[in-house]
Structure formats: C-alpha cells, structure tokens
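For reference, the structure is listed below as structure tokens.
The values are calculated or read from the model by the stated rules, or taken from the named source; none is laboratory data. Owing to the predicted nature of the structure, the values given are computational and were not obtained by experimental measurement. Heads up, the Cβs are rebuilt from the backbone with ideal geometry, glycines too, and the neighbour counts pull from every protein chain shown.
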Amino acid sequence: MTAEHADAEGAGQHTRRRRFWWVRWVALALAIAVLAVEAVLIWPSLQDAWHRKDNLRGWWIVPCIIAAGLSMDSFAQVQRALLRSAGVVVKQWKSLSVVLAANSVSQTLPGGQVLAPAFTYRETRKWGASPVVASWQVVMSGLLMGVGLAVLGLGGALLAGAKTSPFSVLFSVFGFIAFVIVAQYLAGHPETMENVGLRLLRWYNEARDKPEDHGATRWVEIIEQLRAVQLTGRDAAVAFGWSIFNWAADVACLAFACYAVGAQPSISGLMVAYAAGKAVGTAIPLLPGGLGVVDGVLVPALASAGMGGGEAVTAVLLYRLVSYLLVALIGWLVIFAKFRREIRSDDDPDREHRARGSSGADRPVDDPPDRPHTSD
C-alpha cells in the first residue's frame, strides 16, 4: 500500500465518520446517563454526609485538594521520565494535561480503561514518540504504578504488625528490576534481538510458505525504534520514585479527608485500606472509578483502623468527591478546552508510518534515536 492508498483510506474513513455523525451524540448522551447513574448511587451517602457537614473541619479540605493535585502531577512526572529516556522531551504541563484527560476518560466512561491508553498513545505519538516507544511508555507506566502499589500495601501491613509474607511483593519488585536490566541490555545490544527475531521470522515464513524476508523490513524498523530507549538505572529510579510519590500523595489525600471529619486513623491502617481499595477497583473495572466497590472496601477498612462507622462513611465520601469527582471534572474541562479538536480530528498519527512500512521503506519513519524529539 502506497502513500496515495493511505490517503484514500483516510478519505474513506472521513466519509464514514460524516455518515455516522450521530454516534458522537449518542456517546455524549451515554456519558451523561452514566454520570446520572453515578449520582443516584452515591446519593444516600451524600445525604448522610450532609447531616454531618457541621462537624467538618473545613481547613483540612485545602490540603486534601492539594494532595490530589500532587498525585496527578507526579504521574505526569513518571510519563515524562520514561519518554525522556527514549529521547522525547515533553513539558510538564503538556504531560499533566494528557494525564488529567486520560484519567477522566478512564474513570467516568464505560470501557474507559481501554480508551484511556489509546488516547495517551495517540497524544504521545504527536509529541514525536515512535509507535514502539509510545506503546512501551504506556506499558511501563502501568508496570511502575503496579509495583509501587504493591510496595505501599506491604509497607502498611508490616507497620500494622501483620504477619504478611513479603515474597509476592518482593517477586514484583525483583521482577521489575530484572525487566529493567534486560531492557537496558537489549537497548545496548539491539543486534541480539534483531538476529533472533529474523531467525524466528524465517522459520515462521517457511512454515507459512511465504518469502524468507517477508516482514523483515518491519522487524528491523521496530528494532531501530527500540534503539531510542535508553532506560538507565537513574531514569528507572526517578520514574519509580515518582510512582511511589503518586501513591503517597493519594494516601495523604485520604488522610486529610479523615482529619476533616475529626478522626485520627493510624498511618498503617490508612495504607492498608487504600491499597485494598485500589486493588479491588483494579480487579473489578466494570464500574467507572470503582464506584460502590472501592467505597465498600474503604469504609470497613477505615473502621478497622480506629474510625467510627459514620466517620468512615463521611471521610470516604469527602475523599471520593475530591480525588474522583473533582479530578474527573477538571480532566473533562481539560478535554473540552485542549483536546476537543484532537478528538474530532480525522488525523491519524500512524497513517504515514503504515504507508511507508507497507511500501517497503528501508529506513524508519521516525527520526534517528540520536535526534531527541522536543514537544514545544
């Protein structure tokens, strides 16, 4: 397929989108309906909190909001650190805007946990990252956050005096370290993976009765893109440190919400409750933001940490209003202000890449790895 064919394909996609213009409005109506259902689900808790509003210590709400903002900002720092290791330099405000927008899509829309990574990938490609680097960044960010949450949960359990086996968490940490070491080796010796891949590709082509070099150009192109990834130990440590700070700031947000209702739960209890809530929300992604599921875990966990039942309900509600609803609202404002045209645009960042790859171009579409991309 040549570049002309790619343009024709893009024109066809544009025609189909004009034909199905109503789909966007249906999606908008569905989003409004989902938000309305969420409001109905949390209405009983809102009523209970309203009766306790006079007991709130309002000055704790300010640090609660600040902590939620720092949590999102630190995740943007994780993204920047990973992209910087691949030669893609991005300003903090750009990374933060994508993180806020992707978080809102992920937390408020059905299927958002699938749509959000695709949105992040698309925007990362616009910053100059190659397809391989953009995908690698999304995967590594999730891996770092998962390991950080495991460490946080283990730390809280140990501080609480629980007799918890650390082997599962240590396995995650050492697995991540091993992954970084292997990635560093392959980045420094890409010819190793290139030769192995070409050999496997020849075997596959022989089994499928295809030309021996079928797909070889594409494989070499992928290896050339991977050369840009130079995840040093320092870069990995910086990214992991920001991922830990991301969770710590969110725990602080929960702690300040508890202080706002006059409760003084133990730090270890907060860490365990938070880790349990996040784990359940990740394991059951059907409801946007884990609505109802996460709250159902947080309330009894905080009660076990020394809070009264009513205090726990009010604290969780305040925490969710700030860390979930307020952050999601800000994210949607960012989408409407900054990404509305991008969402409605027909531009495909990978169209040129697919056209050149299909026409057998010998060189990678993206710039060589020694030319770092800078997003203005």
Condition set among the hydroxyl-bearing types (S, T, Y) and more than 19 Å from the chain's Cα centre (by Cα), scope region 229-273, selection modelled with the lowest pLDDT: answer is T232
Residues of region 51-96 being charged (D, E, K, R), at pLDDT 90 or above and over 21 Å from A236 (Cβ atoms), in sequence order, are K91, K94
Note on region 83-95: residues surrounded by fewer than 20 Cβ atoms within 10 Å (Cβ to Cβ) and in contact (Cβ under 8 Å) with a residue 24 or more places away in the chain are R84, V89, K91, K94
Checking the structure you have, find out if any residue of region 59-82 is touching a residue at least 60 places away in the same chain (Cβ under 8 Å) and either assigned to a loop (DSSP other than H, G, I, E, B) or basic (K, R) (or both). no
Conditions (1) among the hydrophobic types (A, V, I, L, M, F, W, C); (2) modelled with pLDDT of 85 or more; (3) surrounded by fewer than 18 Cβ atoms within 10 Å (Cβ to Cβ) -> W127 fails only (3)
Selection from region 317-344 of residues touching a residue at least 60 places away in the same chain (Cβ under 8 Å) and closer than 16 Å to V261 by Cα yields L317, L318, Y319, R320, V322
Screening V99, V105 for residues that are within 14 Å of the chain's Cα centre (by Cα), surrounded by 21 or more Cβ atoms within 10 Å (Cβ to Cβ), within 30 Å of V37 (Cα to Cα) and modelled with pLDDT under 90 leaves only V105
Next on the checklist: Looking at the structure I just gave you, is A150 at pLDDT below 70, of a type in the set (A, V, I, L, M, F, W, C), in contact with a Ser or Thr (Cβ under 6 Å, 6 or more places away or on another chain) and more than 20 Å from L83 (Cβ to Cβ)?
Outcome noted: no
Per the filter on region 83-99, residues outside any helix (DSSP H, G or I) and of a type in the set (G, A, S) are A86, G87
Pairs returned, first residue in region 147-159 that is farther than 16 Å from G241 by Cβ, second residue that is modelled with pLDDT under 75, beta-carbon separation under 6 angstrom, 6 or more apart or interchain, are L154/P166; L154/V169; A157/T164
